[in-house]
Amino acid sequence: MLRTRWTALDLGLLLSCSACGTGSAQDPPAPPDGVDIPVRNTPPVETPPPGPSSMDPGPSPPVEPPPEETPVAPARVSSLGGPCNAQNECERGLLCFGMPSNTAQQETVPGGYCSIPCREDAECASLGAASFCFREQFCSAPCAAGWDSEADGAAKCQGRIGELACFGGPLEGGSCLPACQNDDVCGTGRECYFAGGTCLARGTAPVAGEGAPIGAVCDGILFDCRGLCLGNGEETASLCSAVCSVGAPECGGDASNVCVPIFYDGRGGDRGFCYAACNTTADCAPGQGECVPSGLRGAAGEDRSYCQPVRASAPTVVPQRLPLDDMARVSALAGLAYVETYGYGDAQTRVFVQDGQVCVDGLIPEGPQAEQSATHLAFHLAPIVPPVPRDVSATETLRLTLTSDRGMFVFASLTGRPLSEYGAFILSPVPAPQTFRFTEADLPPRQEGSLPWDRRLLEAVTLRIGTGAGAYRVCVSDVGFE
């Protein structure tokens, strides 16, 4: 099951937006006292295999450190979360967990993991707000999830991309968790357990046969994937996937695959899901996959796309992106990186194109979470990995033409500032098409302490559709700058 440390209390305008990256970055803060983080809607994992799950990772059986060995001068000494293959390769006070050289262990951490032992989360509190006791064995190393780097500019998880990935969000922080990219990082006699990111003794993964590859059709019942089975929320389309590290040279054992952030505010080095690459929907499993832009660029600077499970016919809690062919049908989307919809709490949503407009409709069910649930429709203007912000300094106005049966909050997000939203409210429904124009003065930062607006760093324009139970529908025919 998805390991989450969040509750469904809405933070309103304190919520992080989709922008982050380089530029004038703010230091990743610790979560404010007394603030809970809303549950993020993610693609459902259908019947994950037994043993370590994709988001509640950890070796099984437990990763116990072996007895102390005769000291040998190590080539390097690692700090918290660093690699190790023997006890003396960790700094004083740390132990080496999941070491690859321990052949008695069925499951290990790729590259090993220097940490302190624990039995409960409270023992890890001094390391950082997001550190927790990993399988009641050792404390996870904290990391700056949702940011492009740590506050000092260092790489997240000590740059161990392909071995570890940062799981969490920019407000609550993250933890460095296993995320093997292929069998090679696991060492001799082991293979990557794509559902959990750890390394298993070869031939012991809980899959049927060799396990279907990334992007293959899966039914969520048999353990037919070597990794995990991701569905569309309606059980009408499911594809094999794997956990991965965003920006790693490969995922799921294939360099052609694409690792996409799990959460809307994920960035390079964060944990993602691995998908099959594509150029058109014809490259995806017939009737099960559709080709969508990733917001990531390859080593040669090319825009990369991937096969997501075909969108459900009715609104679901699963985040969705517009396929490439749908984006080509809307002239206002020319030059955009991608369009996505995602929700908080119980919000159900569906994104589609109709009459040359991008539309999102859905439902917020009645219940205790109705007032804290919300849907977002985000227009990403620039790639997120590597971060390449859109420079709109030659323009003065954000232009938005839409219809809506609810009020909303319109905000811009800037690269390198995942905790800042620059926005304004449209308080009333808009029953007929209407064009709104917002100047820089109309879009002030909504969070205290945010840096000033910078038109050189634009990353996305997002609509947060009003909360409260009931159905909703919003259609956008134009988004641009003048």
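The values are calculated or read from the model by the stated rules, or taken from the named source; none is laboratory data. All of these numbers come straight from a predicted model, not from anything done at the bench. Note that each Cβ is placed from the backbone with ideal geometry, even for glycine, and that neighbours are counted across all protein chains shown.
Structure notes:
- The residues on offer are Glu440, Glu459, Glu421, and the sole one that is surrounded by 13 or more Cβ atoms within 10 Å (Cβ to Cβ), over 23 Å from Ser373 (Cβ atoms), in contact with a Leu (Cβ under 8 Å, 6 or more places away or on another chain) and among the acidic types (Asp, Glu) is Glu459.
- Checked across region 382-399, the condition of being at pLDDT 95 or above and farther than 30 Å from Gly301 by Cβ holds for at least one residue.
- Single condition Arg267 does not satisfy, out of (1) crowded, with 24+ Cβ neighbours inside 10 Å; (2) in a strand (DSSP E or B); (3) among the charged types (D, E, K, R): (2)
- Residue, farthest from the chain's Cα centre (by Cα), within region 152-172, restricted to residues that are on the phi > 0 side of the Ramachandran plot and surrounded by fewer than 24 Cβ atoms within 10 Å (Cβ to Cβ): Gly153
- The C-beta contact set for region 370-388 (first residue within 17 Å of Thr467 (Cβ to Cβ), second residue surrounded by fewer than 24 Cβ atoms within 10 Å (Cβ to Cβ) and basic (Lys, Arg), distance under 8 angstrom, 6+ apart or interchain) comprises Ala374/Arg464; Thr375/Arg464; His376/Arg464.
- When region 382-418 is limited to residues that are surrounded by 21 or more Cβ atoms within 10 Å (Cβ to Cβ), in a strand (DSSP E or B) and β-branched (Val, Ile, Thr), the one that is farthest from the chain's Cα centre (by Cα) turns out to be Val410.
- Search result, residues across region 247-259 that are surrounded by fewer than 23 Cβ atoms within 10 Å (Cβ to Cβ) and outside any loop (DSSP other than H, G, I, E, B): Asp254
- Failed item, numbered, when Glu459 is tested on (1) in contact with a Phe, Trp or Tyr (Cβ under 8 Å, 6 or more places away or on another chain); (2) in a strand (DSSP E or B): (1)
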